[in-house]
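Working notes, beginning with the structure itself.
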Amino acid sequence: MPEQNPPLASAGSYALGPRRVRRIGYGAMQLAGDNVFGPPRDRDEALRVLRAAVAAGVDHIDTAQYYGPGVVNELIREALHPYPDDLAIVSKVAARRDESGAVLPYDEPHQLREGVEDNLATLGVDRLAAVNLRMVDRTAAPGRRFDSQLAALVRARDEGLIDGIGLSNISREHLLRAVDQTEIVCVQNLFNLADQGSVDVLQECTGRGIAFVPFCPLGWPRGVQNRILSSPALGDLGRRLGATPAQLALAWLLDLAPNILLIPGTRTRTHLAENLTTASVRLDEASREELAREFPTRVSRERGRG
Ligand SMILES: NC(=O)c1ccc[n+]([C@@H]2O[C@H](COP(=O)([O-])OP(=O)(O)OC[C@H]3O[C@@H](n4cnc5c(N)ncnc54)[C@H](OP(=O)(O)O)[C@@H]3O)[C@@H](O)[C@H]2O)c1
């Protein structure tokens with residue numbers, strides 16, 4: 001048995017539909033080439049990152065057929081198949097890439113079904129832990145079209161292709177309309193210290209016991225414009241707590257609500273190790289206040305259920 005990462009286990013777990021997963025997982029999007037298109041710059045390192053994640057105890061990996069396209073799922077399969085029984089692979093559907101790399105909607109009900117089947121084929125599985133319906137526009141009011149998209153995933157679940165249905169890039173209205181029709185096991189929206197625009201969706205999920213999986217948990221855009229990773233205040237606080245800005249950003253999310261599941265993405269084992277030890281960073285009241293001064297928040301820490 002590979003040695004597992006004690007702080008990873010100490011972050012606890014949360015329900016992802018019928019199973020529980022550790023609260024720190026791994027988002028595999030970064031493993032494709034630049035702009036999530038084409039092969040990775042360093043294929044061997046990509047495979048090593050995936051194996052290191054699972055060896056450390058990660059049991060929740062996020063992916064999509066359109067990452068690459070096909071590239072990330074194929075890396076996951078090559079690195080990890082046959083998969084550990086407890087590994088939850090979660091994918092998403094409703095987009096495709098063209099030859100230039102542009103991301104296009106692929107979200108008619110029959111295309112969603114095709115998307116699920118493509119994921120199963122490239123990952124080499126009969127069933128996925130969950131598949132997210134990734135909406136193109138979270139501001140568009142949900143209506144009959146949304147219902148028919150959801151129905152395509154309900155059929156896939158009824159036929160045993162997926163264990164659970166998730167939603168991504170949605171508004172609270174989408175969530176409320178969806179839960180009237182079927183069980184939703186997770187929601188994946190943009191959310192981080194610097195962008196808390198989905199706070200209403202987070203709070204709805206927390207109250208209902210639905211896993212909330214923030215994407216871009218380390219902030220957007222990347223590089224020097226990244227307000228989180230380049231924040232002097234986070235640097236100062238990190239020095240006091242013995243943590244990096246990335247660990248603080250992730251620790252803030254873990255601390256915020258019990259139903260938040262992390263899937264930080266990285267191409268390197270160094271950052272992977274840093275992200276997976278986030279649970280060893282404990283925020284006290286003074287550090288919470290410092291973070292709130294730098295990144296004003298409307299979120300109150302939640303207990304939730306699940
Ligand atoms: N549903 C959706 O629409 C959607 C959209 C976007 C993403 N996602 C999913 O969410 C996952 C996470 O989002 P993300 O990957 O876009 O963003 P992220 O996890 O917030 O950040 C990844 C970026 O941060 C860097 N990074 C990672 N760990 C770091 C550390 N410890 N210190 C400094 N830099 C670090 C990475 O560079 P290095 O490679 O150099 O470490 C990479 O550029 C994705 O992998 C994907 O699975 C879903």
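For the reader, a short list of remarks on this structure follows.
- Residue ID - nearest to the ligand (Cβ to nearest atom), chosen from residues in the range 161-185 that are over 19 Å from the mean Cα position of the chain (by Cα) and over 20 Å from residue 21 (Cβ atoms): 178
- Note on the range 1-66: enclosed strands (runs of 3 or more DSSP E) holding 1 or more residues that are under 28 Å from residue 106 (Cα atoms) and of a type in the set (A, V, I, L, M, F, W, C) are 13-16, 60-62.
- Boolean, residue 258 is away from the ligand (no atom under 15 Å from the Cβ) and part of a loop (DSSP other than H, G, I, E, B): yes
- Output for the range 112-135, where each listed residue is more than 17 Å from the chain's Cα centre (by Cα) and among the β-branched types (Val, Ile, Thr): 116, 122, 125
- For residue 253, the stated conditions do not hold, so it cannot be described as under 25 Å from residue 91 (Cβ atoms), assigned to a loop (DSSP other than H, G, I, E, B) and within 14 Å of the ligand (Cβ to nearest atom).
- Just one residue in the set 289, 274 is over 24 Å from residue 45 (Cβ atoms) and part of a helix (DSSP H, G or I); that residue is 289.
- Set 270, 297, 244: member being out of contact with any helix residue (DSSP H, G or I) (no Cβ under 9 Å at 6 or more places or on another chain) and either among the acidic types (Asp, Glu) or surrounded by fewer than 21 Cβ atoms within 10 Å (Cβ to Cβ) (or both): 270
- Every condition in (1) surrounded by 15 or more Cβ atoms within 10 Å (Cβ to Cβ); (2) within 15 Å of the ligand (Cβ to nearest atom); (3) under 26 Å from residue 89 (Cα atoms) is met by residue 222 except one, and the failing one is (1).
Bear in mind these aren't lab numbers, they're just calculated from the coordinates by the rules spelled out. Note that this is a predicted model, so its numbers are computed, not measured. For neighbour counting, all protein chains shown are included, and Cβ atoms are generated from backbone atoms with ideal geometry for every residue, glycine included.
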